[in-house]
Amino acid sequence: MRSKHDRTKRFVSKAYCNLDIWNYAVTFTYDSNLLTAEEFIKKLKTFLANNASKKKWVYMGSFEKSPSGRDHFHCLMSIPKDDIKSLNLESETYYNKQTGKMDEALISSSLKEKFGRVHFQEIDPYSDDFVFVLEYICKYISKQENKIIYSKGIKDEFIGEISDFEEHCIGFLYPNSSYYMMDQSIKDTIKKL
């Protein structure tokens, strides 16, 4: 339990420490007609690592072992705008079993041939949607014995000296955090350091 809690806490901390970069929540669902579950994991890790080093993609996420056997990888991603076009995102209508209604999703037609269904959701890291996505991914981190996969270069923390703590401190970064959220003037100063 302690290990799951620590992994979840670290994931949330990294998500908020890199708040300005996230632009997509992505779910990769493998197609068993294309790959086995083991091949899916190996091929996806290689794909993400290559794009991180060559194209400066940033990602962090966790695999979900589905009872139906349709494994998923849920992640936060930062993808440069130039690379978004190459993903060939198309709007697709599908039946959402959780809500019992028809939904619309952005699906990558170019990645569909490699992995299966790859669902992209644009996110604003300052919205409630971002909190929902974090909670959703954390559910799988704490539910299963899955490692979190991080790309290189994700900041663990930000440190800065605050001369007027009372004026510039907004509150804790997230519940039970030892980090504080600062107003924009302090964030801008820290970025310049």
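A few notes on this one:
- Neighbour-limited loop hits for trypsin sites (Lys or Arg not before Pro), the range 45-107 (at most 11 other Cβ within 10 Å; DSSP other than H, G, I, E, B): K97
- Extended-chain gain in nm, criterion 0.36 nm per residue less alpha-carbon gap, R10 and S53: 13.2 nm
- When all protein chains stay in place and ligands, DNA and RNA are ignored, the 1.4 Å accessible-area order of H74, H119, H5, largest first, is H5, H119, H74.
- FRET efficiency estimate (nearest 0.05) - Cβ-Cβ, D31 to E104, R0 30 angstrom: 0.90
- For the pair S86 and S66, label points projected 7 Å from Cα toward Cβ lie 2.7 nm apart.
- Under Stokes-Einstein, with the Kirkwood radius over Cα pairs as Rh, the value for the range 7-150 at 20 °C and 1.002 mPa s is 137 µm²/s.
- Rg/Rh ratio calculated on Cα atoms of the range 1-57 (Kirkwood radius): 1.06
The values are calculated or read from the model by the stated rules, or taken from the named source; none is laboratory data. Worth saying up front: this structure is predicted, and the values here are computed from it rather than measured. Ideal geometry is used to build each Cβ from the backbone, glycine not excepted, and the neighbour counts take in all protein chains shown. Surface areas here come from the heavy atoms of the whole protein model, side chains and all, with no ligands, DNA or RNA. Shrake-Rupley method; radii C 1.70, N 1.55, O 1.52, S 1.80 Å.
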